[in-house]
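See structure below.
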Amino acid sequence: MSESKKTLYYSHIAEELKKRDVELVVLAGFMRVVGKALIDQYRNKIMNIHPALLPSFPGLHGQKQAVDYGVKISGCTVHFVDEGMDTGAIIIQAAVPAYHDDTEETLSERILKQEHRIFPYAIKLYSEGRISVEGRKVIIKGDREDSSLINPPFSPYILQPGA
């Protein structure tokens with residue numbers, strides 16, 4: 001698609017969304033870089049989900065990239081869409097263990113379960129007015145919990161002297 005047609009296409013989408021008082025655009029499986037005309041009208045109001053822990057493994061086949069790289073932890077990311085490919089401010093991420101014998105398919109299955117949890121949650125946070133953006137950072141009002149995921153798991157006894 002030529003740049004002028006792309007601009008016209010995304011301008012038309014923005015106009016139609018504005019006519020309908022759309023406040024948030026949610027993308028899932030939209031495998032294109034969104035045009036500037038739409039982003040300018042909906043800055044920090046377009047959410048996308050990506051099957052990797054961004055900024056690692058942007059673009060297509062994030063799960064395969066993670067398997068090929070041999071990561072120990074993978075996951076998914078909900079982010080705001082900007083002009084780049086999977087480069088927008090990160091809203092929420094979920095981590096899953098990645099195993100030495102994973103395939104793209106097995107890792108994808110684990111990630112998909114988390115995508116189905118965090119995408120609706122991100123939309124809920126937005127609808128409640130709990131999300132703000134400061135530069136590249138997304139601030140979630142009222143959320144703070146200390147937790148971690150370690151893979152491979154270890155016993156706490158390993159860290160005790162004399163164990």
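Evaluate region 65-81: report whether one residue or more is small (Gly, Ala, Ser), assigned to a loop (DSSP other than H, G, I, E, B) and more than 24 Å from GLU3 (Cβ to Cβ).
Scanning region 65-81, I find at least one residue that is small (Gly, Ala, Ser), assigned to a loop (DSSP other than H, G, I, E, B) and more than 24 Å from GLU3 (Cβ to Cβ), so the answer is yes.
If you take the residues of region 82-113 that are among the small types (Gly, Ala, Ser) and not in a strand (DSSP E or B), which of them is nearest to VAL34 (Cα to Cα)?
GLY84
Determine, yes or no, whether ASN48 is on the phi > 0 side of the Ramachandran plot and among the polar types (S, T, N, Q). Steps first, please.
Values: on the phi > 0 side of the Ramachandran plot: no; among the polar types (S, T, N, Q): yes.
No: the conditions fail for ASN48.
I want to confirm something. Restricting to region 66-110 and keeping residues that are in contact with a helix residue (DSSP H, G or I) (Cβ under 9 Å, 6 or more places away or on another chain) and polar (S, T, N, Q), which single residue is farthest from ILE131 (Cα to Cα)?
For region 66-110, the residue satisfying everything is THR103.
Condition test on THR77, is it within 13 Å of the chain's Cα centre (by Cα), among the polar types (S, T, N, Q) and at pLDDT 95 or above? Quick ask: steps written out before the conclusion?
Values: within 13 Å of the chain's Cα centre (by Cα): yes; among the polar types (S, T, N, Q): yes; at pLDDT 95 or above: yes.
Yes; evaluated as a whole, the condition is true for this residue.
Among the residues of region 73-84, is there at least one that is touching a His at 6+ places or on another chain (Cβ under 9 Å) and either in contact (Cβ under 8 Å) with a residue 60 or more places away in the chain or surrounded by fewer than 21 Cβ atoms within 10 Å (Cβ to Cβ) (or both)?
We begin by selecting, within region 73-84, every residue touching a His at 6+ places or on another chain (Cβ under 9 Å); these are 76-79.
Pick out the ones that are also either in contact (Cβ under 8 Å) with a residue 60 or more places away in the chain or surrounded by fewer than 21 Cβ atoms within 10 Å (Cβ to Cβ) (or both) and you get none.
No, region 73-84 has no match at all.
Criterion first (surrounded by fewer than 16 Cβ atoms within 10 Å (Cβ to Cβ), at positive phi and either assigned to a strand (DSSP E or B) or free of Cβ contacts under 8 Å to residues at least 60 places away in the same chain (or both)) does GLY59 satisfy it?
Working: surrounded by fewer than 16 Cβ atoms within 10 Å (Cβ to Cβ): yes; at positive phi: yes; either assigned to a strand (DSSP E or B) or free of Cβ contacts under 8 Å to residues at least 60 places away in the same chain (or both): yes.
Here the answer is yes, as GLY59 does meet what is asked.
For ALA28, indicate whether it is touching a residue at least 24 places away in the same chain (Cβ under 8 Å), within 27 Å of GLY142 (Cα to Cα), under 12 Å from the mean Cα position of the chain (by Cα) and surrounded by 14 or more Cβ atoms within 10 Å (Cβ to Cβ). Let's see the steps before the verdict.
Values: touching a residue at least 24 places away in the same chain (Cβ under 8 Å): yes; within 27 Å of GLY142 (Cα to Cα): yes; under 12 Å from the mean Cα position of the chain (by Cα): yes; surrounded by 14 or more Cβ atoms within 10 Å (Cβ to Cβ): no.
In short, no.
The values are calculated or read from the model by the stated rules, or taken from the named source; none is laboratory data. Since this is a predicted model, take the numbers as computed values, not measurements. All Cβ positions, glycine included, derive from the backbone under ideal geometry; neighbour counts span all protein chains shown.
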